[in-house]
Amino acid sequence: MLPAPCAGCGADLGHLCPACRDLLATTPPEPAAALPRAHAAAPYDGPVRELLLAHKERGALGLAGPLGGALARAVRSALGRHPGRVPLLLVPVPSARAAVRARGHDPTLRLARAAAGALRREGLDARALPLLRHARPVADQAGLSAAERHHNLRGALTVRAPGRLRRSDRPGPAGYRPVLVDDLVTTGASLVEAARALAAAGLPPAGAATVAAAVPHHHRRRPGTPGR
């Protein structure tokens, strides 16, 4: 009966308040250090962090639209001002099967589909395709250093055989541009391994995009101080 607090800032203005919605829609995307042409829509801090956690870990599926819109802006930024007329194939970095089962959904695939929908509404030919899968088990990345994360994921991903995809998810005509997408980039280990797997299959990505990029602790803004 009572209005749900905003998942981003906690204000009692509904599931996503106007200020947090505006933050997702207007923050200028910036390059991320993971790969060449990898862009993030916003820093992983404050309300953006809370919104991603609410969608990913607490099943706030209604946030997929606004977060997917932010991801679509990062895709456009990664591809430059003139993405061209070649169809875009948004390839999400896959979650481990155990994580998908525990969460009850695949958050990155859901965001990729929302981003593809946002790009189509803008006139771009885009679709999301779960083209990658884990070829072997990997350790939990939490608590690992950057070097340990890269070692943990090296050789862990591969491209699905077309016959293992649902008919509706099978690639269309040749000539599409793969773009890697994820909810968050921290060290970049997942994007690097995903790019390697696509390139090994003859599908080098044209770029990579994420909703957010982790902010080093010493770069985080203190409350009340202006950002750069």
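The values are calculated or read from the model by the stated rules, or taken from the named source; none is laboratory data. In this text, all values refer to a predicted model and were calculated from it rather than measured experimentally. Note: ideal-geometry Cβ built from the backbone for every residue, glycine included; neighbour counts use all protein chains shown. We work out accessible area using only protein heavy atoms, side chains counted, and drop any ligands, DNA or RNA first. Shrake-Rupley method; radii C 1.70, N 1.55, O 1.52, S 1.80 Å.
Looking only at residues in region 93-131 that are among the aliphatic types (A, V, I, L, M) and assigned to a loop (DSSP other than H, G, I, E, B), which one is modelled with the lowest pLDDT?
Taking the candidates together, the pick is A96.
Filter region 181-209 down to the residues that are hydrophobic (A, V, I, L, M, F, W, C), part of a helix (DSSP H, G or I), open to solvent by less than 20 Å² (accessible area, probe 1.4 Å) and at pLDDT 90 or above and list them by number.
Answer for region 181-209, where residues must be hydrophobic (A, V, I, L, M, F, W, C), part of a helix (DSSP H, G or I), open to solvent by less than 20 Å² (accessible area, probe 1.4 Å) and at pLDDT 90 or above: L191, A194, A195, A197, L198.
Take A42 and decide whether it is under 23 Å from G8 (Cα atoms), of a type in the set (A, V, I, L, M) and part of a strand (DSSP E or B).
For A42, the condition - under 23 Å from G8 (Cα atoms), of a type in the set (A, V, I, L, M) and part of a strand (DSSP E or B) - is met.
Starting from region 49-68, keep only residues that are closer than 15 Å to A115 by Cα, then list their pairs with residues that are open to solvent by 10 Å² or more (accessible area, probe 1.4 Å) and among the basic types (K, R) whose Cβ atoms are within a distance under 6 Å, requiring at least 6 positions of separation or different chains.
A64/R110; P66/R21
So which residues in region 65-92 are part of a helix (DSSP H, G or I), of a type in the set (D, E, K, R) and open to solvent by 40 Å² or more (accessible area, probe 1.4 Å)?
R76
Which members of region 54-64 meet the condition of being within 13 Å of the chain's Cα centre (by Cα) and either among the hydrophobic types (A, V, I, L, M, F, W, C) or open to solvent by 10 Å² or more (accessible area, probe 1.4 Å) (or both)?
Of the residues in region 54-64, the ones within 13 Å of the chain's Cα centre (by Cα) are 55-56, 64.
Matches in region 54-64: K56, A64.
Which of the residues spanning region 94-116 are within 14 Å of the chain's Cα centre (by Cα), open to solvent by 10 Å² or more (accessible area, probe 1.4 Å) and in contact (Cβ under 8 Å) with a residue 40 or more places away in the chain?
Once the filter is applied, which keeps residues that are within 14 Å of the chain's Cα centre (by Cα), open to solvent by 10 Å² or more (accessible area, probe 1.4 Å) and in contact (Cβ under 8 Å) with a residue 40 or more places away in the chain, region 94-116 yields P94, R110, R113, A114.
Could you tell me whether region 173-180 includes any residue that is of a type outside the set (A, V, I, L, M, F, W, C), over 19 Å from L79 (Cβ atoms) and either modelled with pLDDT under 90 or under 19 Å from the mean Cα position of the chain (by Cα) (or both)?
yes
Among the residues of region 12-49, write down those that are open to solvent by less than 30 Å² (accessible area, probe 1.4 Å) and farther than 16 Å from V185 by Cα.
Within region 12-49, G14, L16, C17, C20, L24, T27 qualify.
Restrict the check to region 29-37 and report whether at least one residue is out of contact with any Cys (no Cβ under 9 Å at 6 or more places or on another chain) and farther than 29 Å from H150 by Cβ.
no
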